[in-house]
Amino acid sequence: MFEKSLSALIKGLRSHRGKDEAKYVASMLEEIRAEIKSGDMEIKAEAVLKLAYLQMLGYRVSSASFHILETMASSRYHTKHIGYLAATLCFAEDTEVLILATNLIKKDLNSAMPLDVLAALNGLSHLITQELAQHLADDILRMLTHTRPLVRKRAVLVLHSAITKCPEILDRVWERLRDLLCDEDPGVVTATVNMICELARRHPAPFVPLSPQLFQILTTTSNNWLLIKVIKLFGALAPVEPRLVRRLLKPITDIISTTPAMSVLYECIHTSIIGGMLEGAGSDELARKCVDNLGRFLQDVDQNLRFIALVALGKVVPTHAYLVAQHQETILHSIWHPDLTIRLRALDLACHLASEPASLRHIVGVLLSYLEEMDLTSMSQNASQALKAALDADDAMVTEPASAPHLSVSTNATFRAQVAESILDLGAAENYALIPDAVWYMNVLVRLAPLVDTTVVSRVVDQLTEIVFLHASARQRACERLQTLLLDPTQYEPNTSTAELLRAGASICSEYVEYVDSVPPLVRALVQDRLSNLPPRSMAVLIHSALKLYAYWAATLSSQWSNVCQEEFEGLTNDVMAQLTKWAKHEDSEVHERAQEGLQLFVLIKNSLSTSADDSSQRPESASSWTDATASEQGGPRALHLLLPLFYTRAQDVNVPVARLPEQMNLHAWIAPESSWKKMLKVVDPAGALGTRSARTTSKSKQKPRMQEPPHKEEETQRSSSSSSHRRHEDSPFYLTSYPRGARSKLSSRSKISDLAAAEPEDVSTTSASQDNLDDVPIVKLELSDLSSMPKHDTPTAGGTLQPKKVAHKKRAQRK
């Protein structure tokens, strides 16, 4: 039988790739199954090696687990090595034959041949489970003191896997670890430090007692790789043991000042930051050196150094922001970097530096300049130019390694949105407390609105409205800036991003109309035909703002009313009505409602203007005295002030003359004479209860506050009122009367209530419990026979009144 070697199998797979590969692999597996059953260990080892290769390609070979175990038990090192290699590739924790390998591995660990020990240690580091770690822990610890350094180094690596599977082993190896840290072989020391560093990442507290040995390595070693591991290990131990910080300040500072290796330098800086070495007293020198070196990283052409420098500076800002601010320009310049990760880190770091009004203004200005520059760049580069640039980049044979590819359109748009969000977050921080000048920030928001997409423009508009409403100093400048924007016809073109800004501008100008230079042109602009290009929500707000501006402007004409003012007033009214007539047919309900309401109000204004003269001559003197006084005081028609109360309630801002009431008008006097309503009250309420209450209320409102009566007088008043209430309702079967304890007898409920009402109420104020006794409630039983005996009438009469049937309280008497 001809056996194929591993190289022949690899050549066959390459030749059958893409065509009949599965068929070829199936035929090879049949041959391997036959070879693996051979009694010759060389043939079996070759078959196991080919199975290991097929396992790497994804084919399942779990059926050959026992044969792999046979090759591991071979006395020849070559065959044993193949067996352990195949076991590390094919075995898993749930492999059934793995439990049979315990004694085999123990035998190889105790072998006198170092190669067998090394093969067993190499395989055990991959095959170890919790059961194997418990059974082979003593053998692994014995290997830590082996005479050969290579065996000790392999044993340390296996110990890491054993501790990971069975943490109880760590309590038994402390002395061995101290000895290994002081081992004469650098490889053993490096493996030990690497193992401790990996374990300390999960739980650093147990490794604090090893600090003296680690500190000795830190100050004496010249191996950069070992030095990086020790520094990283101290970065994990320093937060657990604060006393290490003072001990590490000097050696870390010396390494930063002397090392030429960038990796060691950055690891020292990172350890100083995460270990808390920059927070204590005397750490300013170390912090300054760290920030200076990170500044040199920012100016390096290597993108990796720039990135890690930005990350580290972001961690230094909370403790030494003034040192990081020295590199503010370099950080802001990194926002233009082609690499997106560097852009994001630079943007985040710049936002952390904007903690004061001066730095906030500069950083926001740079970010806004970036958005404007990117907007111009995107507008100048069309699709054909972008395609040509992409084709040229693909055809280029040599590219610069340090240069990063340009961002795609979607990625660039996302980053621009993040920049805009950052500007808004900086401005709104601490309720706009960091803004140095409200007018400046208002201008920033107006410039920012056309540069952002629809997802961010709503926040811009909200902040613009808030900053104007909160800061009175920005209102005049905002009205001037937004009025120019509202009068610009190009802002109403379709597919523009200024619709939300127009909505905010109309709201602000209509609210603070006293700062608007010329109202009629602005009113006409807010109801023009180009409104159809805007969203319905913006259209409704603009129409409402136009009515609001018109109301204020009309009211201001009263003080200077003339024929010229009348012509201007009628002309603007006709123009606005014509436009509102068009918008009243709009399909959106909000726009339709706003326009329809405005039309109805304008109809009232026109009717009032046309009939003002006739109406004033026909109105009686008593009804028109106040209105005539108002019109004469204001100097114009009353129609000018018809809309103003509907839109403005700020008396301190709207300068409207206040009309004085005539002297004959007394708003506090009764409309009807007092004698007339008292006669009517006697007819409605003969008992006088309502009249008494009304008279008492009236007298209280007219009388002056009097001193509080003594307690005994109040009690007598309560008793008299309670007695009169009992007498008034004693014959009512629907009134539940309460009476004092002890007044009950064996008579009926009606008799008891009558006797109680006739007697002097001396014990009425005994206790509140006696007044609320539920046992005194009479039980009324209604039967259908009473209804049948009742004469049939459409309306109940006095003769047909149903009398309740009294039932004695027999059951309660028995219970008592």
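The values are calculated or read from the model by the stated rules, or taken from the named source; none is laboratory data. This one's a predicted model, so the numbers in the text were calculated from it and none came from an experiment. All Cβ positions, glycine included, derive from the backbone under ideal geometry; neighbour counts span all protein chains shown. SASA here: full protein model, heavy atoms, side chains in, ligands and nucleic acids out. Shrake-Rupley method; radii C 1.70, N 1.55, O 1.52, S 1.80 Å.
Values for this structure:
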quantity	calculated
Enumerated helices (runs of 4 or more DSSP H) restricted to region 496-606, each holding at least 3 residues that are polar (S, T, N, Q)	536-556, 563-583
Test result for P212, touching a Leu at 6+ places or on another chain (Cβ under 9 Å), of a type outside the set (A, V, I, L, M, F, W, C) and farther than 17 Å from M143 by Cα	no
Hits in region 302-316 - residues which are surrounded by 20 or more Cβ atoms within 10 Å (Cβ to Cβ) and within 20 Å of E356 (Cβ to Cβ)	L313, V316
Helices (runs of 4 or more DSSP H) wholly inside region 147-214 containing at least 1 residues that are aliphatic (A, V, I, L, M) and over 27 Å from T271 (Cα atoms)	149-165
Matching helices (runs of 4 or more DSSP H) fully within region 339-418 where at least 3 residues are touching a helix residue (DSSP H, G or I) at 6+ places or on another chain (Cβ under 8 Å) and at pLDDT 90 or above	340-353, 357-380
Within region 498-510, considering residues that are open to solvent by less than 30 Å² (accessible area, probe 1.4 Å) and small (G, A, S), the one nearest to N533 (Cα to Cα)	A499
Selection count, region 128-172, where residues are in contact with a Ser or Thr (Cβ under 7 Å, 6 or more places away or on another chain) and closer than 22 Å to R202 by Cα	6
Single unsatisfied condition, A554 versus (1) surrounded by fewer than 18 Cβ atoms within 10 Å (Cβ to Cβ); (2) touching a residue at least 60 places away in the same chain (Cβ under 8 Å)	(1)
Enumeration of residues in region 70-105 that are aliphatic (A, V, I, L, M) and within 58 Å of the chain's Cα centre (by Cα)	I82, L85, A86, A87, L89, A92, V97, L98, I99, L100, A101, I105
Test: residue in region 190-197 that is open to solvent by 70 Å² or more (accessible area, probe 1.4 Å), among the hydroxyl-bearing types (S, T, Y) and either within 25 Å of G235 (Cβ to Cβ) or modelled with pLDDT of 90 or more (or both)	no
Lone qualifier among V519, V541, V513 - being open to solvent by less than 10 Å² (accessible area, probe 1.4 Å), in contact with a helix residue (DSSP H, G or I) (Cβ under 9 Å, 6 or more places away or on another chain), among the β-branched types (V, I, T) and touching a residue at least 24 places away in the same chain (Cβ under 8 Å)	V513
Residue match in region 70-78 (condition: in contact with a Ser or Thr (Cβ under 8 Å, 6 or more places away or on another chain), surrounded by 15 or more Cβ atoms within 10 Å (Cβ to Cβ) and not polar (S, T, N, Q))	no
Verdict on Q299 being over 31 Å from the mean Cα position of the chain (by Cα) and open to solvent by 20 Å² or more (accessible area, probe 1.4 Å)	yes
Failed condition for S272, given (1) crowded, with 20+ Cβ neighbours inside 10 Å; (2) among the polar types (S, T, N, Q); (3) over 22 Å from W225 (Cα atoms)	(3)
Options A52, A120, A101, A34: the member that is within 30 Å of K11 (Cα to Cα) and open to solvent by less than 50 Å² (accessible area, probe 1.4 Å)	A52
Any hit, region 284-299, residues being modelled with pLDDT of 90 or more, within 17 Å of L344 (Cα to Cα) and of a type in the set (K, R)	no
Sole residue being open to solvent by less than 10 Å² (accessible area, probe 1.4 Å) and either on the phi < 0 side of the Ramachandran plot or touching a Gly at 6+ places or on another chain (Cβ under 7 Å) (or both), chosen from A92, A47	A47
Unmet requirement for L180, which otherwise passes all of (1) within 25 Å of H203 (Cβ to Cβ); (2) out of contact with any helix residue (DSSP H, G or I) (no Cβ under 8 Å at 6 or more places or on another chain)	(2)
Long-range neighbours under 7 Å by Cβ, at least six apart or interchain, first residue touching a residue at least 24 places away in the same chain (Cβ under 8 Å) and under 17 Å from Y53 (Cβ atoms) within region 75-87, second open to solvent by 10 Å² or more (accessible area, probe 1.4 Å) and not aliphatic (A, V, I, L, M)	G83/S74; Y84/N122
Which numbered condition A354 misses (of (1) open to solvent by 70 Å² or more (accessible area, probe 1.4 Å); (2) among the hydrophobic types (A, V, I, L, M, F, W, C); (3) within 19 Å of A417 (Cβ to Cβ))	(1)
Residues that are among the polar types (S, T, N, Q) and closer than 16 Å to I543 by Cβ, drawn from region 494-511	S507, S510
Boolean, T147 is surrounded by 16 or more Cβ atoms within 10 Å (Cβ to Cβ) and β-branched (V, I, T)	no
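One line per residue, one yes/no per condition, for (1) in contact with a Leu (Cβ under 9 Å, 6 or more places away or on another chain); (2) under 20 Å from L601 (Cα atoms):
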| residue | (1), (2) |
| --- | --- |
| L502 | yes, no |
| G505 | yes, no |
| C509 | yes, no |
| R524 | yes, yes |
| D529 | no, no |
| S532 | no, no |
| P535 | no, no |
| I543 | yes, yes |
